[in-house]
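Worksheet for the structure shown next.
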Amino acid sequence: MRKIFLPMSRFIFALMLIVYLIPSSQAADLKGRVVCIDPGHQLHADSSPDPIGPGSSETKPCVSSGTGGSVAGPEHAVVLKVGLLLRDILTSQGITVVMTRTTADVHVCNSERATIANKAKADLCIRLHCDSGSAHTCFTLYPGLITGWTDDIYAESLKAAGIIQKAYSDTTGIPDGGLTPRTDLTGFNWSDVPVVLPEMLKMQNVQDDILASTPAFRQKMAEGCAKGIIEYLNTLPPRAKSTGLTLK
Ligand SMILES: [Zn+2]
């Protein structure tokens, strides 16, 4: 009786431990994640030269002015509002969020924004933008493949872009304009972490300009991004555990 009882009790204990650890390890994984949010542009454009990648003699302006809507206002203000809402959603899930800016009047070049995400060892950097033009669409940019610059982040960035684009389009109802690779963006070429850039809507589209002016729709934009980010983070392998717990 004793010989049967002991192995059986160990089995039941191990089973209970597994059931207990599965949900807790999933929650812990999300808690250990780091996301960098880069709300695009800033109050004043800066045309000083910024190398488009490490060691490059080719430059682009440090930060461009961005676009704007006649109702919603300048792009830099809209994407900052969405970015702060997105920060709140992600932090409520236990994710650590690093912002490249939290106010309008800053001076942060696109290369520096990438460096902020790199230093934070972010699992993902999301660069929030709205596009110019009047089409009713949204799309997501991801880094094109450049050996020595983006080859280490290309595959994960593409995967994240696909997931986030779909979640954002589904949540907001803005028609899905797909994915576009870009090899000329400073903020991509300096990045050492997976990075995506959703163009969340076109600001001269009359309907989307009005929507982007409302807190309710900006919340929906943030929720769409958050849904995609969380879905992407859940595809990543678990982080190394530090409990030292081993089952023998
Ligand atoms: Zn922009």
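Tabulated data for the structure shown
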{"read-out": "Mean Cα-pair separation over length for the chain, i.e. relative contact order, pairs under 8 Å, 6 or more apart, %", "value": "24 percent"}
{"read-out": "Residues whose placed amide H lies under 5 Å from that of Met200, excluding near-sequence neighbours", "value": "His129, Cys130, Asp131"}
{"read-out": "Within-13-Å neighbourhood charge of Leu43 [Cβ basis; K, R +1; D, E -1]", "value": "-2"}
{"read-out": "R0 of 25 Å, Cβ-Cβ distance Ser57-Lys121: FRET efficiency to nearest 0.05", "value": "0.30"}
{"read-out": "Residue-by-residue Karplus 3J(HN,Hα) for the stretch 120-125, coefficients 6.51, -1.76, 1.60, Hz, glycine and proline x", "value": "6, 6, 5, 6, 7, 10"}
{"read-out": "Other-chain or far-sequence residues with amide H under 5 Å of Arg182's (modelled H)", "value": "Tyr142, Gly144"}
{"read-out": "Dipole magnitude of the stretch 155-248, debye to nearest 20 (Cβ charges: Lys/Arg +1, Asp/Glu -1, about Cα centre)", "value": "500 debye"}
{"read-out": "For the chain, diffusion coefficient by Stokes-Einstein and Kirkwood Rh (Cα), 10 °C, 1.306 mPa s, µm²/s", "value": "82 µm²/s"}
{"read-out": "Cut-off under 5 Å, modelled amide H: who pairs with Val195 long-range", "value": "Cys125, Ser157"}
{"read-out": "Total formal charge among the other residues, if their Cβ is under 12 angstrom from that of Thr137, Lys/Arg +1 and Asp/Glu -1", "value": "-3"}
{"read-out": "Local electrostatic count, Lys166, Cβ distance below 12 Å [Lys/Arg +1, Asp/Glu -1]", "value": "-1"}
{"read-out": "Partnerless Cys - the chain, beta-carbon criterion under 4.7 Å", "value": "Cys130, Cys138, Cys225"}
{"read-out": "Likely footprinting exposure, Thr59, Thr235, fewest C-beta neighbours within 10 Å first", "value": "Thr235, Thr59"}
{"read-out": "Residue order, fewest to most surrounding Cβ atoms within 10 angstrom, among Glu112, Glu58", "value": "Glu58, Glu112"}
{"read-out": "Theoretical ellipticity at 222 nm over the chain - DSSP helices of four or more residues, -39500 (n - 2.57) apiece, nearest 500", "value": "-14000 deg cm²/dmol"}
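Bear in mind these aren't lab numbers, they're just calculated from the coordinates by the rules spelled out. This is a predicted model, so every value here is computed, not measured. Backbone-built Cβ (ideal geometry, glycine too); neighbour counts: all protein chains shown.
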